[in-house]
Amino acid sequence: MGVITGIIQDELPGVFVHSVQLGSSVGADRNAGFFGNINNQIDTVCDSLSAIEELQDGANLMGFSQGGLFLRALVQRCPAIRAKVLVTFGSPHGGVARIPECASTGDTLCQWMRQLASKGVYSWYIRDHVIQAQYFKDPERIDQYLQYNIFLPDINGELEERNDVYRERILALEKMVLFKFSEDKMIYPATSPWFGFVDTDGNDIPVQNSTMYREDWLGLRGLEEAGKLSRISLDGPHMHIGEDMLRSIVAEHFGASDKVVPFYVQN
């Protein structure tokens, strides 16, 4: 994240950049990416943001992989964030139908997460303590997903009692840019970063074909009709973004304003 912060500051001289850290060390922060309760983590980050003076007049947000999903939840839930532009890369906004693979067999934290998740993502302990289980959506058990998942059904407006504030805050964005990767093997389905999903046969369901989009539960259709929603595919596997590409994205989507807006980034 230090490299990404440097790129943003190079492209937007004088910008203030804040990068979230949930743990007191790099190791503890990484552990929080696998184990914990997303709802509690979002509350903690929201409280910390309210004390950062530079972010009080609005901020641009950039999130990577699951961090982009959590940033979007912050936009919807956290009054301390006055989000302007939200850009996410390979983020599982539509949920995952398979627990994400580990980047390497030597990643013991990730392997432990997958072992726990295999015991049942909707069991009371796993659903409350394994981060990836909290955005898992089994297309063959949608009823259980809606009943037992503690995070994703709420922020995606899929519950019978919807939060109108979520929709208002999404519609208040100046721009939302959703990047997916053409060869993504980490996030399944690969259309999840565009809010897409799959049916029980594994066929892609574009977000435009979902009831959530058609009835605009979350404000996505309204955002798109206003010309403020972009979906962009990047060539390559999950999170493979070259420095030149990242620089061009920052310049294109954040550099057009007359005022340099502070940044909040999360991986």
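The values are calculated or read from the model by the stated rules, or taken from the named source; none is laboratory data. None of these values were measured; they are calculated from a predicted model. Neighbour counts run over all protein chains shown; Cβ positions are idealised from the backbone, glycine included.
Is it fair to say residue 223 is assigned to a loop (DSSP other than H, G, I, E, B) and more than 30 Å from residue 103 (Cα to Cα)? No: the conditions fail for residue 223. Candidates are the residues of region 133-170 that are of a type in the set (A, V, I, L, M) and either touching an Asp or Glu at 6+ places or on another chain (Cβ under 7 Å) or touching a residue at least 24 places away in the same chain (Cβ under 8 Å) (or both); the one that is surrounded by the fewest Cβ atoms within 10 Å (Cβ to Cβ) is 165. Residue 119 meets each of the listed conditions (1) in contact with a Phe, Trp or Tyr (Cβ under 9 Å, 6 or more places away or on another chain); (2) on the phi < 0 side of the Ramachandran plot; (3) at pLDDT 90 or above apart from (3). Among the residues of region 176-208, which ones are more than 21 Å from residue 158 (Cα to Cα), touching a Pro at 6+ places or on another chain (Cβ under 8 Å), part of a strand (DSSP E or B) and hydrophobic (A, V, I, L, M, F, W, C)? If the condition is that a residue be more than 21 Å from residue 158 (Cα to Cα), touching a Pro at 6+ places or on another chain (Cβ under 8 Å), part of a strand (DSSP E or B) and hydrophobic (A, V, I, L, M, F, W, C), then 179, 181 are the ones that fit. Here residue 202 passes the criteria (1) small (Gly, Ala, Ser); (2) modelled with pLDDT under 95; (3) closer than 26 Å to residue 246 by Cα except the one numbered (3). Mind telling me which of the residues 150, 99 ends up being over 12 Å from the mean Cα position of the chain (by Cα), closer than 30 Å to residue 243 by Cα and aliphatic (A, V, I, L, M)? When all the criteria are applied, what remains is 99.
With respect to the conditions (1) loosely packed, with under 15 Cβ neighbours inside 10 Å; (2) out of contact with any Lys or Arg (no Cβ under 7 Å at 6 or more places or on another chain); (3) touching a residue at least 60 places away in the same chain (Cβ under 8 Å), residue 81 falls short on a single one, namely (1). From the set of residues in region 241-260 that are part of a helix (DSSP H, G or I) and not charged (D, E, K, R), which is modelled with the lowest pLDDT? It comes out as 254.
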